[in-house]
1. Looking at region A:221-262, what % of the alpha carbon pairs are farther apart than 17 Å?
2. With 10 angstrom as the radius, rank B:81, B:38 by how many other C-beta atoms surround their C-beta, starting from the fewest.
3. Kindly give Rg over Rh for region B:35-193, based on alpha-carbon atoms, with the Kirkwood expression for the hydrodynamic radius.
4. Nearest-5 percent of antiparallel DSSP beta bridges in the protein assembly as shown?
5. Could you tell me the relative contact order of region A:128-188? Use alpha-carbon pairs under 8 Å, at least six residues apart, and round to a whole percent.
6. Under a crude label model (7 Å from the Cα following the beta-carbon direction), how far is residue A:34 from residue A:315 in nanometres?
7. Given region B:129-182, what whole percent of its Cα pairs are spread farther than 12 Å?
8. With just the Cα atoms defining each centre, how far is region A:162-197 from region B:159-208? Give it in Å.
DNA sequence: CTGTTAGCGCGTTCAC
DNA sequence: GTGAACGCGCTAACAG
C-alpha cells in the first residue's frame, strides 16, 4: 500500500503538497497539482482513513440506534438515512438494540471510542440518566422517539395529533366503544399517541377503558391474539385503534378466519401506512407517517451538529395524515 | 479526553503497561493491573479507536452491499448479519447500491481506504472485471448473489433446486402452462432459479415459453401489472411462478379485484416465504429461504478471512424448502 | 506558493 | 515483569 510519502517522492514534492492536493486546498500551482495527481494514479494511491481520522478527529461515520431492522418502519427509516448520509459523504453504522438497555449502552460507546462522529437515537431503552453522560462525547440527535425536557435536538412526528385524528374519525363513524392497541411500554411515541386517543374520546364524553387496552402488541401474531381476546369479551368493542399496521393486519386476518366481517362486525384502524395496509383485504385505514422526511432531517441535523458543535437545539415536528381505507368505512352506525 | 499517557501518569506506570492491561496481555502483576484499572476508571478513559485502527491496521468494521434495505429479504439478511457481527465484536456498515454500478464501486472503495476490514457482496451490479481489482485490498465474501468461476468464498442457496421443486409441484398439481416472473436481469440467483424452472418443465416435455415470461417484476405494483397482462392474453396460463412473494401478492390482489378466484382461475406461487405470504388471502405457496443462516454464515466466513488471509475458498450452499399454502392447492386439474 | 517539523493516540519491538 | 522509543499515515502550524 503506497502512502503519502511514496506519492511525494515520485512526484518530487513534499508530503504537504500532496496532502494539499488531496484536500483541495488552494495555493497549489496547477502544474504541481497535475504532477501529484499523476503520481497518485500511477501508484494507485488512496488515503488511509484511519490515519485521517486520527489526525483530524473525524471519522465521517455516524451510528443509528433502532430496536430492529425487520420492522418496516425502521427499514424505511434506515433506507432514507443511509441515502442521505452517503450523499453527504458519511457512512452509516446500524445498531439494533433488540429492546435491550445493555446493548443500547454498548452502542453508545461508539461515541466514546470516537468510532463515530455522532449518534441518531431512533429508539430509547434506558432511563435518560444512563444516556445523558454520553452527550459529552459527541452530538446526539433523537429521531421519532424522544425524551422530554432534555437538551438534545429532536425531529419527531406529532403523535398526539395522529392519535387524535384517527380516533376522532372513528368516533365520527359512529363508534363509541373502541379498543386500543399499542406496543413499547415506555415509549413517548406511544404515550402521546394515546394522549391523542384519549383527547378525542373525551371530546365525545367517553372515558378511557383500560379493559379495552392491549399494551403488548407488536406484530401480526400479536394481532391474532388481540382479536381472540376481543372475540371472547362479553361486551365487545365495535372498532379497534391499533398502533401498527401489522397488528391491525393480524386482527383482520384472524377475524376473517373466524367468520367476522370487517368493517361491519369490527372496524379496524392501523398506523404507519405500510405496504401491508394496502394489500390486505379489506385495505386498512391508517395514519401516514413521513418516515423518509424525518430520516433525512435527522441525518442533516446531526451533520450540522458535527460541523458546528454549538448547542443550538432546533427541534422539528411534522404532522401526521389520516388515510381512510376499507377497514373502517361505511359502518357508521351508532352502537350504544 | 484522557489518553493512555494520562492513565499511565496517574497510575505511576508506563504507557506500555497500560496498553498491556487494555489488551489483556499476560506478564502484568495483578497489583499493577488493579492500579491501571483504577486510573482508567477515575479518568473515564476509553481507547481511541482511530488510533488503534491506524496502529493495528484493523477497524473491526465490515461493509455489506445490498440493493436496498426496504426489500424484506435484505432487511432480514442485514438483521441477522448485524447481530452476528456485533456478537463477534464488529460493526456493520450498510451500503445500498440502489442497483447502481457506480454506487457499488464507491462502496468498494471502503476497502481501499481501509475503512472496513472486509466486504460482503449480497448484490452485484458490475461486471466482475470491475470488482476484481478490489480483492487485493481486503477480503470479500459473496452472499446469496454470486459470480461463477471466481476465486471468492461464497455462501449461497441452491436456487436451481428451489426453482425445480416449486415448478415440479405446480406440474404435479396438473398445470401445464405456467407463467414465469423474475426481476434482476443479470442476477445469477434469478438465472439458476430459471434453470430449475426449465429443468422441471423439460421433465414433463414442456419447453420454456418466452411469451409467458415477465422479467421486470420486483414489487406489489409490478405484480398487478403482470396480472393485467396475463388477463389480456388470448391463451392464458393456469399458474404463475413468481420470483418473489410481493409480486405474487400483487398478482393475487389484482386478480381478486377483477373477480378471479385463486387458485381456481389462476394458481400463484411466490418465493422467499415472507410475512406477506402468510397473511394474504389466499395464503401463498412459496419457497422458504434460510436467510438468517446465510447471513450469519457470511459474516463468519468474512471474519475468518480477516483473521487468516489464507486463500482457502470454502463455499457453502444450503437447500431450499417448499411451503405449500392455499394459493395453489386443490385445483389439480390437467388443462391442455 | 512550498517544505520542514510536530504530533494525533496507540501497540510493540527491544533492552533492562 | 517493565519501560523507552519508534512509527502507523496523515494534517497543520510555521517558516521561508
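Every number in this text was worked out from the coordinates using simple rules, so none of it is lab data. From a predicted model like this one, the values you see are computed outputs, not experimental measurements. Methodologically, a virtual Cβ is constructed for each residue, glycine included, from the backbone with ideal geometry; neighbour enumeration extends over all protein chains shown.
1. Within region A:221-262, distances greater than 17 Å cover 19 percent of Cα pairs.
2. By the 10 Å Cβ count, ascending, the order reads B:38, B:81.
3. A ratio of 1.13.
4. In the protein assembly as shown, approximately 10 percent of DSSP beta bridges are antiparallel ones.
5. Normalised by residue count, the contact order of region A:128-188 is 27 percent.
6. Calculated label separation equals 5.8 nm.
7. Within region B:129-182, distances greater than 12 Å cover 75 percent of Cα pairs.
8. 47
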